[in-house]
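A quick write-up on the structure given underneath.
None of the figures in this text is laboratory data; all of them are computed from the coordinates on show. Computed from a predicted structure; not experimentally measured. Neighbour counts run over all protein chains shown; Cβ positions are idealised from the backbone, glycine included.
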Amino acid sequence: MSAALGAKALTRGFTSRTVDGFVGAIGNTPLIRLKKLSEKTGCNIVAKGEFQNPGGSVKDRAALGVIRDAEKRGLLKPGGTVVEGTAGNTGIGLAHVCRARGYRCVIFMPNTQSQEKIDLLRMLGAEVYPVPAVAYENPKNYNHQARDFAADLPNAIWTDQFDNTANAEAHYLTTGPEIWEQTGGNVDAFTCATGTGGTLAGIGRALKEKSDGKTQIWLADPPGSMLYSYVSSGGKLSERSGGSITEGIGQGRITNNLGTFVNELSGALHIPDNKSIAMLYDLLDTEGLYLGASSALNVVAAVELAQKLGPGKTIATILCDGAYRYQSRLFSKAWLKAKELEAAIPEHLKKYAVL
Ligand code: PMP
């Protein structure tokens, strides 16, 4: 076939399941009905398989969203540089999209992060600057360093995942409508945890609009996060206390991505780590799903919501990523012991802690 033929002519007859490159493979993830938990609750518990995105997490959508937005607004031109402060999935998503689109990718991250994540980012062509892990208020915080680095560089953007609403917009335009379509418009409630708030607010806004306000949206919050008390106390941020084994979630402020949507939530669920780790092992045992801890926390919240709302309902949530990025912790006996979580795992599931 002639090389002069355009992509349209060359791909004639291809189906919509055939996509163009890495970026084309982002989104359109399956909605997975969790059979055992659906039977147990008498509800449909359905979960968006975001671990199937090509970069391995829900954050591929946000990474593409912020880059596309900057391109559209003329802030990022060919050969430009994308800078972000991130400890994980957003950086990995950005590094992939930058390779696919020919941008330089620079990542600032706290120096407490695992070597695996630094190695992966570098293998994806990103420049990584591990910096001392200091509080947000300190000008040396990794986010501020990313902002300052981009400010001094021509044709460079700081993607600012927490406050750049192109993040939530990506979920409003893709993940939310996909869930609506995959349930035939039959979704009584949606719940998930937040880091930037993009997933919760973007999907929440889309589902609320499509259902004429009928779909309930609930926040799922880990220990150490300040949002659960904010939502349940009607708008007061508590003091930060405690921490969680879940990575990538929990928040101490109302980001732009969460914004005023926080006032449209039906409520919040506080999910302790012992429930999340037990669910993580249970989902592996009963469904064969190998998931990160935020996914397990989301499923605990979906089950609690099913119990609150009663049988016959459809409750949707998010499976954010797989366990591969965390397995040296989540499946290690020594780590579970150090976190005092051994007792949370039922006897018949302990066999999965093989490390
Ligand atoms: N789970 C994991 C594993 C994540 O990395 C993130 C993003 N930090 C989230 C959940 C939360 O997503 P969002 O930033 O859209 O609130």
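A few points about this structure:
- Label-point gap, in nm, between residue 324 and residue 308 - each point 7 angstrom along Cα→Cβ: 3.4 nm
- Working note: 222 nm ellipticity from helices only, DSSP H runs with n ≥ 4, each -39,500 (n - 2.57), summed and divided by the residues of the chain, gives -10500 deg cm²/dmol to the nearest 500.
- Beta bridges by DSSP in the chain, antiparallel share as percent, to the nearest 5: 15 percent
- With a cut-off of 13 Å on the backbone N, no residue of region 298-335 is near the modelled label site 7 Å out from residue 112 along Cα-Cβ.
- Sorted fewest first by neighbouring Cβ atoms within 10 angstrom, 218, 335 come out as 335, 218.
- Computed log₁₀ I(q)/I(0) - Debye formula, equal Cα scatterers, no solvent, region 206-355, q 0.10, 0.13, 0.14 Å⁻¹: -0.38, -0.64, -0.73
- Taking a ≥ b ≥ c as the square roots of the eigenvalues of the alpha carbon gyration tensor, region 78-154 is oblate, as a/c is not under 1.5 and a/b does not beat b/c.
- Charged neighbours of residue 195, selected by a Cβ distance under 14 Å, balance to -4 (K, R count +1; D, E count -1).
- Across 275/339; 36/275; 59/214, pairs whose alpha-carbon gap is larger than 19 Å: 59/214
- Length released on extending from residue 186 to residue 8, taking residue separation times 0.36 nm less the Cα-Cα span: 60.5 nm
- Value of relative contact order over the chain, rounded to a whole percent, pairs C-alpha under 8 Å and six or more apart: 18 percent
- J(HN,Hα) series, region 337-349, from Karplus relation 6.51 cos²θ - 1.76 cosθ + 1.60, nearest Hz, glycine and proline x: 5, 4, 8, 6, 10, 4, 5, 6, 8, x, 3, 6, 9
- Of all DSSP beta bridges in region 78-154, antiparallel share, percent nearest 5: 0 percent
- Order by protection proxy (mean Cβ within 10 Å, highest first), peptides 338-346, 161-169: 161-169, 338-346
- Inter-label distance, nm, simple model (7 Å from Cα along the C-beta direction), residue 352/residue 211: 2.8 nm
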